[in-house]
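Novice: Below you'll find the structure I mean.
The values are calculated or read from the model by the stated rules, or taken from the named source; none is laboratory data. The model shown is predicted, which means the values in this text are computed figures rather than measured ones. Reconstructed Cβ throughout: ideal geometry from the backbone, glycine too, with neighbour counts over all protein chains shown.
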Amino acid sequence: MEERRRLYQGLLEREILLQVYDDGGDYEASSGYHLLNLQMFTSALLLMRSQKIEPALDFADRLRAMYRFLMALADQHGQVPLIGDCDDGRIELQSDDLEQMLGEGSDGRHSLTVSSSLGVGEALFGERYEGRTDDAAWYRPVSDSREGPSAGPVGRRCLVFPKSGLAIARVGTAEVVFSAMPNGIDGKGSHTHNDKLSLVVRIDGDELLSDSGTGCYTRDSELRNRFRSTAAHNTIQIDGEEQNRFSKLPQAVFQICDDAHVTPIAAEDTDEGQVLRASHDGYSRLGVVHTRIVKLAPESLLTLEDQLISSGSHMFEARFHLQSLWQVDVQQAKGSEVRCRIQGPRLAAHLSCQSPVELQMHCLAGETSTAYGVTDVARQIMVRGSFLGSLRLFSRIWWQALGSER
């Protein structure tokens, strides 16, 4: 048994280095599978400790990086965006999961509520991840004061995970999660969604622009394909094509082409705010390269500059996905500038899109899935246009608390 323990320990210590980038992100391009694998490797660490086995230093360091990555993505409610596939897989159910399971119905359920997991990380590594302590007490006594070293770079206004292809920019109460993730599992993409250059926008705890989620897997291949499509994400679609092509056959729901390759996210912290930039070549077969520049400014303003570099004639659709609690009033539906007003329970936001070409703005029915097997109605704003050669599309989103609109 001692020999077998050493063998299995070595396999696990090598596996975490294969499956987890050195910046802490899991290589499946999925926040749901990041949490599942974090629990797997945490269980392995606990088993080693129970046998008085000291794990290799790089194993512990990589697991610590996974907790830091999870903390960086979590909002003030402990919720992580549903990036890529999320099937609610767990090694153990924690307080966050049990409370949602015991609640009435599926309203408000969110697969990636991770406060309990962050609390476990605090107990294991002595760093502050803003987690809850209910479950952590089972692992190691936690001081009531919870004083200890913070997770360091997570507190910065802009944080980039270069290998994982994610960036989080924060200015005041606004946060942007920007995705330029490489296709998962070294290009195999089993759990990858077509979310290149998509973003999630959170304002004072409210999610304004959302990732649509997963829906389900094999029991409904049509639904599965809709939720992993380009059209289900806050990005640009060209000529109705997918960033990464995939088959619509039921037996191919875990297959995807490795078409879209991303550049590293460039980040700049300026006096005017946070600036993020990345590109992908998923439409190179059509002769188009997409670059997006994201600027989050202190004046409650988010601007997007989408550059579509091409020499041919194409049609584009830009989408902005909202949860059902947001109401949309399209105020200018056609022209070189289109705009709408978006109202939620606490905020009023405005979206304006400008380009040299004729634009059309529509508010359409959408779908969202905040937990596996659960779908709900939502809304999406679509801006459409045609162009010859290259094009720049400028989108501005600004917001105020209800009652303070100017």
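Novice: When you check Ile238 against the structure, is it within 19 Å of the chain's Cα centre (by Cα), closer than 25 Å to Pro264 by Cβ and outside the structural domain of Asp85 (by TED's automatic domain parsing), yes or no?
Specialist: No.
Novice: If you scan the stretch 259-282, which residues turn out to be surrounded by fewer than 17 Cβ atoms within 10 Å (Cβ to Cβ) and either among the aliphatic types (A, V, I, L, M) or not assigned by TED's automatic domain parsing to the domain that holds Met181 (or both)?
Specialist: Within the stretch 259-282, just Ala266 meets the criteria.
Novice: Pairs please, first residue from the stretch 74-94 and surrounded by fewer than 20 Cβ atoms within 10 Å (Cβ to Cβ), second anywhere and not polar (S, T, N, Q), Cβ atoms under 6 Å, 6+ apart in sequence or on different chains.
Specialist: So the pair list comes out as Asp75/Arg202; Gln76/Gly205; Asp87/Tyr372; Asp88/Tyr372; Gly89/Leu36; Ile91/Met40.
Novice: Condition first: crowded, with 22+ Cβ neighbours inside 10 Å and farther than 21 Å from Met66 by Cα. Now tell me which residues in the stretch 159-192 satisfy that.
Specialist: Ala174
Novice: Which one is farthest from Met181 (Cα to Cα), of the residues in the stretch 258-279 that are touching a residue at least 40 places away in the same chain (Cβ under 8 Å) and part of a loop (DSSP other than H, G, I, E, B)?
Specialist: Within the stretch 258-279, the match that is farthest from Met181 (Cα to Cα) is Asp258.
Novice: Additional query: Answer yes or no as to whether Ile256 is surrounded by fewer than 22 Cβ atoms within 10 Å (Cβ to Cβ), closer than 17 Å to Asp85 by Cα and aliphatic (A, V, I, L, M). Walk me through it before giving the result.
Specialist: Working: surrounded by fewer than 22 Cβ atoms within 10 Å (Cβ to Cβ): no; closer than 17 Å to Asp85 by Cα: yes; aliphatic (A, V, I, L, M): yes.
So Ile256 does not fit the description; no.
Novice: Of all residues in the stretch 170-186, how many are more than 20 Å from Gln400 (Cα to Cα) and either in a loop (DSSP other than H, G, I, E, B) or polar (S, T, N, Q) (or both)?
Specialist: Number satisfying all stated conditions: 8.
Novice: List the number of the failed condition for Val294; all other conditions in (1) over 13 Å from Phe178 (Cα atoms); (2) in contact (Cβ under 8 Å) with a residue 12 or more places away in the chain hold.
Specialist: Going through the list (1) over 13 Å from Phe178 (Cα atoms); (2) in contact (Cβ under 8 Å) with a residue 12 or more places away in the chain, Val294 breaks only (1).
Novice: Among the residues of the stretch 189-212, is any over 29 Å from Leu351 (Cβ atoms), in contact with a His (Cβ under 6 Å, 6 or more places away or on another chain) and assigned by TED's automatic domain parsing to the domain that holds Ala278? Spell out the reasoning first.
Specialist: The initial filter retains those residues of the stretch 189-212 that are over 29 Å from Leu351 (Cβ atoms), namely 189-191.
With the extra rule that they be in contact with a His (Cβ under 6 Å, 6 or more places away or on another chain), the set shrinks to none.
No: the stretch 189-212 contains no residue that is over 29 Å from Leu351 (Cβ atoms), in contact with a His (Cβ under 6 Å, 6 or more places away or on another chain) and assigned by TED's automatic domain parsing to the domain that holds Ala278.
Novice: Follow-up. Looking at the structure I just gave you, is Leu46 within 32 Å of the chain's Cα centre (by Cα) and either modelled with pLDDT of 95 or more or under 15 Å from His191 (Cβ atoms) (or both)?
Specialist: For Leu46, the condition - within 32 Å of the chain's Cα centre (by Cα) and either modelled with pLDDT of 95 or more or under 15 Å from His191 (Cβ atoms) (or both) - is not met.
Novice: For the stretch 196-230, what are the residues that are of a type in the set (A, V, I, L, M, F, W, C) and either in a strand (DSSP E or B) or within 12 Å of the chain's Cα centre (by Cα) (or both)?
Specialist: Selection gives Leu197, Leu199, Val200, Val201, Ile203, Leu208, Leu209.
Novice: Does Met48 satisfy being buried (at least 20 other Cβ atoms within 10 Å of the Cβ), in contact with a Pro (Cβ under 7 Å, 6 or more places away or on another chain) and in contact (Cβ under 8 Å) with a residue 12 or more places away in the chain?
Specialist: In short, yes.
Novice: To continue, here is another question. Residues in the stretch 305-315 that are part of a strand (DSSP E or B), over 23 Å from the mean Cα position of the chain (by Cα) and not aliphatic (A, V, I, L, M): how many?
Specialist: Of the residues in the stretch 305-315, 2 are part of a strand (DSSP E or B), over 23 Å from the mean Cα position of the chain (by Cα) and not aliphatic (A, V, I, L, M).
Novice: Can you tell me which residue in the stretch 1-33 is nearest to Gly189 (Cα to Cα), limited to those that are assigned to a helix (DSSP H, G or I) and charged (D, E, K, R)?
Specialist: Checked the stretch 1-33; the qualifying residue nearest to Gly189 (Cα to Cα) is Glu15.
Novice: Right, another one. With the requirement that a residue be among the hydroxyl-bearing types (Ser, Thr, Tyr) and more than 22 Å from the chain's Cα centre (by Cα), what does the stretch 78-134 give you? So that I can check it myself, show each step before the final result.
Specialist: To start, the set of residues in the stretch 78-134 that are among the hydroxyl-bearing types (Ser, Thr, Tyr) comprises 95, 106, 111, 113, 115-117, 129, 133.
Those that are among the hydroxyl-bearing types (Ser, Thr, Tyr) and more than 22 Å from the chain's Cα centre (by Cα): Ser95, Thr133.
Novice: For the stretch 340-354, state whether one or more residues are under 24 Å from Glu242 (Cβ atoms), assigned by TED's automatic domain parsing to the domain that holds Trp398 and of a type outside the set (A, V, I, L, M).
Specialist: Yes, because at least one residue in the stretch 340-354 is under 24 Å from Glu242 (Cβ atoms), assigned by TED's automatic domain parsing to the domain that holds Trp398 and of a type outside the set (A, V, I, L, M).
Novice: Tell me whether the stretch 320-334 contains one or more residues that are of a type in the set (Ser, Thr, Tyr) and in a strand (DSSP E or B).
Specialist: No, there is no match, as no residue in the stretch 320-334 is of a type in the set (Ser, Thr, Tyr) and in a strand (DSSP E or B).
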